[in-house]
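Trainee: Here it is, the structure in full.
The values are calculated or read from the model by the stated rules, or taken from the named source; none is laboratory data. Predicted model, so just to flag it, every value in this text is computed and none were measured. FYI the Cβ positions are ideal-geometry reconstructions off the backbone, even for glycines, and counts take in every protein chain you see.
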Amino acid sequence: ADRSKHASEDILRIVGKGVEEIRRITNGTESTVERNRDVVNGSIRSFEAIAAGVVDLRESIGILVDSARSQLDMAAGVAHRLKEHTETSSRRSADIIAVATGTEIPELSPAEASSRLGELVVIDVTPESDRDSALSIAGAKSIPLTRDFERQMAPMDRRASYLFVCRSGGRGVRAACIARTMGFGRVYNLKGGTLAWSGAGHAVDYPGGEGPANDNLEVWG
């Protein structure tokens, strides 16, 4: 009976130790799970903050892009109005010169000029910086309306007939007026310039058959 009692007590002690070990392991596992839960929750909060930052950044970039587009549109509008103003001023200056010198310059329409190309020396006075790609009368000689214009015109035959052309017609009139004062008697301006010429479907080319190049000469108007 004593041996049975001692054996039972030993078994109870062993079971008790087992229970304590199980409790210890269980408590440790719960602590680990809790710590992992905190880490996961922290990661979730971090990702949420990053996502919110990305959204804010996207909105900021969108605002910057819209602002840049608006500024580009404004700049394009200003450039267009400036070009129109320059062309109008050039035409008015040519009219003033014509009135002051008593030399009204005759104009040829694209159709008239096309029918008379065989008898005309075509001079394109458009500065290189303003010339559109391949936008001039085929075979035209390039003498931009710069401070060097008169020097380049001086050797030309004053008995020939000259058609002065530019992008829209304003500089052509001015060039013809200057040529008239230099003793060139038969001078004409292409009405509407090379824009009207190409718009009428006539052949276009670079003046002298050369591509556009940067021109550092000072331009008159």
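Trainee: Of (1) over 30 Å from the mean Cα position of the chain (by Cα); (2) at pLDDT below 90; (3) not in a helix (DSSP H, G or I), Ser168 satisfies all except one. Which?
Mentor: Exception for Ser168: condition (1).
Trainee: Another question about this same structure. Answer with yes or no whether Leu163 is hydrophobic (A, V, I, L, M, F, W, C), under 26 Å from Ala203 (Cβ atoms), modelled with pLDDT of 95 or more and not in a helix (DSSP H, G or I). Give the derivation first.
Mentor: Working: hydrophobic (A, V, I, L, M, F, W, C): yes; under 26 Å from Ala203 (Cβ atoms): yes; modelled with pLDDT of 95 or more: yes; not in a helix (DSSP H, G or I): yes.
In short, yes.
Trainee: A follow-up question, please. I'm told Phe47 meets every condition in (1) modelled with pLDDT of 75 or more; (2) under 55 Å from the mean Cα position of the chain (by Cα) except one. Can you identify the failing condition by its number?
Mentor: Result: Phe47 passes all but (1).
Trainee: Quick one: what pairs do we get from the stretch 126-138, first residue of a type in the set (Asp, Glu), second modelled with pLDDT of 65 or more and buried (at least 19 other Cβ atoms within 10 Å of the Cβ), C-beta under 7 Å, 6+ apart or different chains?
Mentor: So the pair list comes out as Glu128/Pro144; Asp130/Arg167.
Trainee: Can Ile143 be described as touching a His at 6+ places or on another chain (Cβ under 9 Å) and not basic (Lys, Arg)? Working first, answer last.
Mentor: Details: touching a His at 6+ places or on another chain (Cβ under 9 Å): no; not basic (Lys, Arg): yes.
The answer is no for Ile143.
Trainee: Given the structure, is Ala160 assigned by TED's automatic domain parsing to the domain that holds Ser114 and buried (at least 24 other Cβ atoms within 10 Å of the Cβ)? First the steps, then the outcome.
Mentor: Working: assigned by TED's automatic domain parsing to the domain that holds Ser114: yes; buried (at least 24 other Cβ atoms within 10 Å of the Cβ): no.
So Ala160 fails the test.
Trainee: Scan the stretch 140-160 residue by residue and report those that are of a type outside the set (Gly, Ala, Ser) and assigned to a loop (DSSP other than H, G, I, E, B). Please lay out each step first, then the result.
Mentor: Initially, the stretch 140-160 is screened for residues of a type outside the set (Gly, Ala, Ser), giving 141, 143-153, 155-159.
Scanning the stretch 140-160 gives Ile143, Pro144, Leu145, Arg147, Asp148, Pro155, Met156, Asp157, Arg158, Arg159.
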